[in-house]
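Enquirer: Please find one structure pasted underneath; my questions will follow.
The values are calculated or read from the model by the stated rules, or taken from the named source; none is laboratory data. In this text the structure is predicted, and so the values were computed from the model without any measurement. Glycine gets a Cβ as well: all are built from the backbone with ideal geometry, and neighbour counts include every protein chain shown.
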2 protein chains.
Amino acid sequence: MDSKKQTARISRQTWHFAEDVRVQASAVSVGPKEGEGPLSSYFDQIHDDVYVGQQTWEDAERKLMEDAVTILLQKASIKEQDVDVILAGDLLNQNITTNFTAEKLEIPLMGMYGACSTSMLTLATAAALVNAGYVKKAIAACSSHNATAERQYRYPTEYGGQKPPSAQWTVTGAGAGLVGIGGKGPRITYATMGKVTDMGIKDPFDMGSAMAPAAVSTIHSHFQDTGRTPKDYDLIVTGDLAAVGYPIVKELMLAQGYAMEDMYNDCGLMIYYPEQEVFAGGSGCASSAVVTYSYIMDQINRGLLKRVLVCATGALLSPISYQQGNSIPCIAHAVAFEGGA
Amino acid sequence: MDSKKQTARISRQTWHFAEDVRVQASAVSVGPKEGEGPLSSYFDQIHDDVYVGQQTWEDAERKLMEDAVTILLQKASIKEQDVDVILAGDLLNQNITTNFTAEKLEIPLMGMYGACSTSMLTLATAAALVNAGYVKKAIAACSSHNATAERQYRYPTEYGGQKPPSAQWTVTGAGAGLVGIGGKGPRITYATMGKVTDMGIKDPFDMGSAMAPAAVSTIHSHFQDTGRTPKDYDLIVTGDLAAVGYPIVKELMLAQGYAMEDMYNDCGLMIYYPEQEVFAGGSGCASSAVVTYSYIMDQINRGLLKRVLVCATGALLSPISYQQGNSIPCIAHAVAFEGGA
């Protein structure tokens, strides 16, 4: 018992998972624009309609999360009753995508909110609960939808508001991962939980700049806590910093002595082709979730990537905090994956 | 190591904490109406102004949570740096009370959302992380404010909208608990995580009826999983079912063979006097948080209560889900406390 306790806590921010905790299966469901991007062959389901056959945008987002979970259970050949808990979150007020999805599932729910960092917040917590033996199998899930996010955070899409090039395109999709002990799939070895950082940026059309310091804070802590360096990873990705935030992270990390070169990428840059008119790139909970739960898991499972660090980045503002003149608090949570038996 | 794993998971929903996990300190800060209620002598801080000296309602709610955490650290004689993580949530869109509070703290944040069940969702998760050794000390916190909730969920208070007697009064306050191993304070022995239930109720002015079945589901699971009955507890409280939901729980539990008599109460009924014009009673994250982190912890510490079960209840709707004709999904999470050395 003591050996586990000694290894569970590496530092204030970093947890180590000594058991054989794995992402035993994962699934993603996306919208049409994402299906036209460079990672399309890795997605389990591509809808050709942004309404996903539903009457409202909100119902469409729910359907995406439901589909991701349903496909996940099918791929893992298990039933809802075999899963002890679902840890999930989304960007909509009161996490309604999550709540209405969980309503249809016979699985206890732990709702979480970390804006676009929710993908790794839920996965890290799932790994902790599984590693400690509170639950046998846990699902981590999150979603975003371009149209629900636009009308909640900015303007209804019908309004046709103009945007600056630093703006990002919220990814329409959902991703889910099944966490358990043993079996096949990438191992989850470390999680580094982020602190809230705020550099005083107030422009909601420049989330990349706002979130970059949060990513740097968490990645830097991860390296310090684990003794690892960028070279220990085949791939390090941030969640949704896109074209504006990505070079800021590179520069700030280099200033701290960590050269993040070819091994560093950003999910918001990976999910779309530049010519898809997505401004600076993708954003939203689904940006890191969809890329992690499809391409990254696949590449680790096929032995093409051995060690990957996913640092999901979240901007913790609300329209009312922005309107009241507040700056944008940001956070990032990171999870380390490892391939091999 | 195996003994811990065997005892950690009692069932799909219930976790057991084998280590000496305790609420080592707790603190609450409330508004003026709460300070006029029957529990006023237990509160650490009572503000005589609903603006709490701030310019906006939202800033007022933040100040309440900041005050609760600040007082908590003082009472425990520790610094921010001694705390590994804060698990927190509130009712505002994008959890902004939590996010802006955590921004001022040098403590990693795990944001959670379970509507008014957030009090026990955060505390249960904190206990799990501490018991397993991922963190040494964790803060669980949540808040609500009558005026921020009114304008976000219903109408601005200035509008003076009429309400039916089944409506509830959102508690203005915040509560925080410090969870660690050993020392003094009530022990946390079990947590039972809830499933989302939905009885098809669509009236947001009758949350008590909507949430009662979720409370019954979780309390029933808790008894089944632990082998306990109502008589094993000196006090069982639900979070905020108030005068409409409270008798429904009693009736539904009795129908399942569990007589919840004098030992059963509801935080929404405990926090105000009936003559305080709060319709059916109190609601909000702060209802269960403020009562638990003041009166209940005090009574256990003084040996006047030995075993207490707090079942925090949450209505997982949003204004948009209500406007789109959806029913109200609900959830409840329960934590068992125990006194003595």
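Enquirer: Restricting attention to the range B:180-196, report how many residues are crowded, with 20+ Cβ neighbours inside 10 Å and within 14 Å of chain A (Cβ to nearest Cβ).
Expert: Summing the residues that are crowded, with 20+ Cβ neighbours inside 10 Å and within 14 Å of chain A (Cβ to nearest Cβ) in the range B:180-196 gives 9.
Enquirer: Separate question: Just checking, how many residues over the range A:245-281 are farther than 27 Å from A:GLY303 by Cα and surrounded by 24 or more Cβ atoms within 10 Å (Cβ to Cβ)?
Expert: Going through the range A:245-281 one residue at a time, the tally reaches 5.
Enquirer: Of the residues that make up the range A:264-272, is at least one within 21 Å of A:PRO329 (Cβ to Cβ) and aromatic (Phe, Trp, Tyr)?
Expert: no
Enquirer: How many of the residues in the range A:94-152 are β-branched (Val, Ile, Thr) and under 27 Å from A:PRO204 (Cβ atoms)?
Expert: Final tally of qualifying residues: 7.
Enquirer: OK, next. Residues in the range B:238-253: is at least one among the polar types (S, T, N, Q) and closer than 23 Å to B:VAL21 by Cα?
Expert: Yes, the range B:238-253 contains at least one residue that is among the polar types (S, T, N, Q) and closer than 23 Å to B:VAL21 by Cα.
Enquirer: May I pose another question? Any residue at all in the range B:149-169 that is touching a helix residue (DSSP H, G or I) at 6+ places or on another chain (Cβ under 7 Å), modelled with pLDDT of 95 or more and away from every other protein chain (no Cβ under 11 Å)?
Expert: no
Enquirer: Can you say whether B:THR218 is under 13 Å from B:MET253 (Cβ atoms), β-branched (Val, Ile, Thr) and more than 12 Å from chain A (Cβ to nearest Cβ), as far as the supplied structure shows?
Expert: Considered against the rule, which asks whether it is under 13 Å from B:MET253 (Cβ atoms), β-branched (Val, Ile, Thr) and more than 12 Å from chain A (Cβ to nearest Cβ), B:THR218 comes out as no.
Enquirer: Given the options A:ALA286, A:ALA243, A:ALA332, A:ALA312, name the one that is more than 13 Å from the chain's Cα centre (by Cα) and within 20 Å of A:MET211 (Cα to Cα).
Expert: It is A:ALA243.
Enquirer: I would also like to ask the following. When you scan the range A:215-233, how many residues do you find that are assigned to a loop (DSSP other than H, G, I, E, B) and crowded, with 20+ Cβ neighbours inside 10 Å?
Expert: Residues in the range A:215-233 being assigned to a loop (DSSP other than H, G, I, E, B) and crowded, with 20+ Cβ neighbours inside 10 Å: 1 in total.
Enquirer: Same structure, new question: Could you please find all residues in the range A:154-179 being over 14 Å from the mean Cα position of the chain (by Cα), part of a loop (DSSP other than H, G, I, E, B) and within 15 Å of A:VAL278 (Cα to Cα)?
Expert: The answer is A:GLY160, A:GLY161, A:GLN162, A:LYS163, A:PRO164, A:PRO165, A:SER166, A:ALA167.
Enquirer: Another question about this same structure. Please go through the range A:180-214 and give me each residue that is of a type in the set (A, V, I, L, M) and in a loop (DSSP other than H, G, I, E, B), ordered by number.
Expert: Across the range A:180-214, the qualifying residues are A:MET193, A:VAL196, A:MET199, A:ILE201.
Enquirer: Now for a different question. Quick check on the range B:319-341: of everything there that is β-branched (Val, Ile, Thr) and within 8 Å of another protein chain (Cβ to nearest Cβ), which residue is surrounded by the fewest Cβ atoms within 10 Å (Cβ to Cβ)?
Expert: Ranking the qualifying residues of the range B:319-341, first place goes to B:ILE320.
Results for (1) farther than 23 Å from A:GLY268 by Cβ; (2) in contact with a Leu (Cβ under 9 Å, 6 or more places away or on another chain), shown as yes or no for each residue.
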site: A:VAL85; (1), (2): yes, yes
site: A:ASP90; (1), (2): no, no
site: A:ALA102; (1), (2): yes, yes
site: A:GLU106; (1), (2): yes, no
site: A:MET110; (1), (2): yes, yes
site: A:TYR113; (1), (2): no, yes
site: A:ALA128; (1), (2): yes, yes
site: A:ALA138; (1), (2): yes, yes
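Enquirer: Here's another thing I want to ask about it. Among the residues of the range B:108-117, are any crowded, with 24+ Cβ neighbours inside 10 Å, among the polar types (S, T, N, Q), at the interface with chain A (Cβ under 7 Å from one of its Cβ atoms) and within 25 Å of A:ASP90 (Cα to Cα)?
Expert: Looking through the range B:108-117, none of the residues is crowded, with 24+ Cβ neighbours inside 10 Å, among the polar types (S, T, N, Q), at the interface with chain A (Cβ under 7 Å from one of its Cβ atoms) and within 25 Å of A:ASP90 (Cα to Cα).
Enquirer: Does at least one position in the range B:284-296 carry a residue that is surrounded by fewer than 23 Cβ atoms within 10 Å (Cβ to Cβ) and in the same structural domain as B:VAL196 (by TED's automatic domain parsing)?
Expert: yes
Enquirer: Also, I was wondering about something else. Of the residues A:ALA124, A:ALA149, A:ALA115, only one is in contact with a strand residue (DSSP E or B) (Cβ under 9 Å, 6 or more places away or on another chain) and at positive phi; which?
Expert: The match here is A:ALA115.
Enquirer: While we're here: With without any contact (Cβ under 8 Å) to a residue 40 or more places away in the chain, among the aromatic types (Phe, Trp, Tyr) and touching a Gly at 6+ places or on another chain (Cβ under 6 Å) as the only criterion, which of B:TYR155, B:TYR159 stands out?
Expert: Within the list B:TYR155, B:TYR159, the selection yields B:TYR155.
Enquirer: Tell me which residues, restricted to the range B:55-90, are under 18 Å from A:GLN323 (Cα atoms) and either within 18 Å of the chain's Cα centre (by Cα) or buried (at least 16 other Cβ atoms within 10 Å of the Cβ) (or both).
Expert: Listed by number, the residues that qualify are B:THR56, B:TRP57, B:GLU58, B:ASP59, B:ALA60, B:GLU61, B:ARG62.
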